[in-house]
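One structure is given below, encoded as structure tokens.
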Amino acid sequence: MSQSLTLLEKIKALQSSLRETPVVQLDHEGVFLHAKLEYHNPFGSVKDRPAFWILKSNIESFVLGSESIVVESSSGNFATALACYCRLLGIQFIPVIDPNINANVEFFLRGMCSRVEKVDVRDDTGGFLKTRLQRVESLLEQLPGAYWTNQYASPLAFEAHYRLTAEEICQTFTQLDYVFVGVSTAGTIAGLSCRLKERFPSIRVIAVDTEGSVIFGGQPKRRYIPGIGASITPELLQMAKIDDVVKVPEIEAVQACNELLYRHGLFVGGSSGSAYAAVKRYLPTMRSLTPPRVLFLCADRGSAYLNTVFNPAWAHQLQTER
């Protein structure tokens, strides 16, 4: 992108890259089951939408300029999206990551960013999120002009999914009875739930979490699949309109990812597998004389999970440790 363009011109030009992602119907007994394939976003995940929207809104309001430094904590997808958009905009970005990140994603980030911060100390829940957030706070104190996109609390993350992701769903369906959404930062489920309940007043929004996460309470334990669950309750959860919660064991997510690949031809990541596993767990509740219309989100592609979710040896070790 030309260096002569202003930031406002650059962000306007980039907006056309966020095209509508496809919805596919899966053959499944008892329900009309659909999957929205968010890995068709420009940089490979549902996180492209809030990353773009937060940058766009702050550039348009002159909070961010060409001399700004964007900082964010991420397990992978949000950092990837920010790294790509910031590179195209000519803004410096510092991702804060941890050892659970996929090795290829870390390699990519180190190539895209002049500085990457990686924490290695576990927090009191056994995870790294709180440690990452502490590093973010430290960077904000050290670096003049640093800006935290704060995907865990920014209302702009909510707005991105309300205006973009959810609006696409509203335009696709005339009837929708259930939607299953994996939760980590809660921006996706907050934006989707509010908009979808406006369009489909009787829809039931089912939050999908993973065992060991504390988003909806319970005892924390070590988790191995990134992109779903958290060791904090994110602020954006307060904005979500949730009807029920399904907690999925990680081994079920692995099995569901493989079923989506070999039965339905969808190569998706761990949170998508968790959402599909939640649908299967919820089937007895959903059965009726008229098969309900059900949607779940596929947040990212399975490429980043080849050495874990799609590795039989890794899956066997996960099952043994549980």
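The values are calculated or read from the model by the stated rules, or taken from the named source; none is laboratory data. Predicted, not measured: the structure shown is a model, and the values here were computed from it. Neighbour counts are summed over all protein chains in view; Cβ atoms, including those assigned to glycine, are modelled from backbone coordinates with ideal geometry.
Can you list residue pairs whose Cβ atoms sit under 9 Å apart, with the first residue in the stretch 13-25 being touching a residue at least 40 places away in the same chain (Cβ under 8 Å) and the second being hydroxyl-bearing (S, T, Y)? Count only pairs 6 or more apart in sequence or on different chains.
If the second residue must be hydroxyl-bearing (S, T, Y), the pairs left are L14/Y85; E20/T172; T21/Y39; T21/T165; V23/T172.
Consider E252 carefully, then state whether it is surrounded by fewer than 18 Cβ atoms within 10 Å (Cβ to Cβ), part of a helix (DSSP H, G or I) and assigned by TED's automatic domain parsing to the domain that holds V205.
The answer is no for E252.
Six or more apart or on different chains, Cβ under 7 Å: which pairs go from a residue in the stretch 108-126 that's buried (at least 17 other Cβ atoms within 10 Å of the Cβ) to one that's in a loop (DSSP other than H, G, I, E, B)? Could you list them?
Partner pairs satisfying both residue conditions: L109/V116; V119/D98; V119/F128; D123/S231; T125/V214; T125/P220; T125/S231.
Output the residue which, of all residues in the stretch 250-293 that are modelled with pLDDT under 95 and among the hydrophobic types (A, V, I, L, M, F, W, C), is farthest from V46 (Cα to Cα).
L289
Residue-by-condition table, conditions (1) surrounded by 22 or more Cβ atoms within 10 Å (Cβ to Cβ); (2) in a strand (DSSP E or B); (3) assigned by TED's automatic domain parsing to the domain that holds V183:
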| position | (1), (2), (3) |
| --- | --- |
| I215 | yes, no, yes |
| K221 | no, no, yes |
| G229 | yes, no, yes |
| T233 | no, no, yes |
| L237 | no, no, yes |
| K247 | no, yes, yes |
| A256 | yes, no, yes |
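Restricting attention to the stretch 18-35, and to residues there that are modelled with pLDDT under 90 and more than 18 Å from R301 (Cα to Cα), which single residue is surrounded by the most Cβ atoms within 10 Å (Cβ to Cβ)?
Here the answer is G30.
Could you tell me which of the residues E252, E259, E198, E211 is in contact with a strand residue (DSSP E or B) (Cβ under 7 Å, 6 or more places away or on another chain) and not aromatic (F, W, Y)?
After applying the criteria, what remains is E211.
Collect the residues in the stretch 301-322 that are surrounded by 13 or more Cβ atoms within 10 Å (Cβ to Cβ) and either in contact with an Asp or Glu (Cβ under 7 Å, 6 or more places away or on another chain) or of a type in the set (S, T, Y) (or both), keeping them in residue-number order.
Scanning the stretch 301-322 gives S303, Y305, T308, L318.
Could you say which residue among A166, A146 is out of contact with any strand residue (DSSP E or B) (no Cβ under 6 Å at 6 or more places or on another chain), touching a residue at least 24 places away in the same chain (Cβ under 8 Å) and of a type in the set (G, A, S)?
A166
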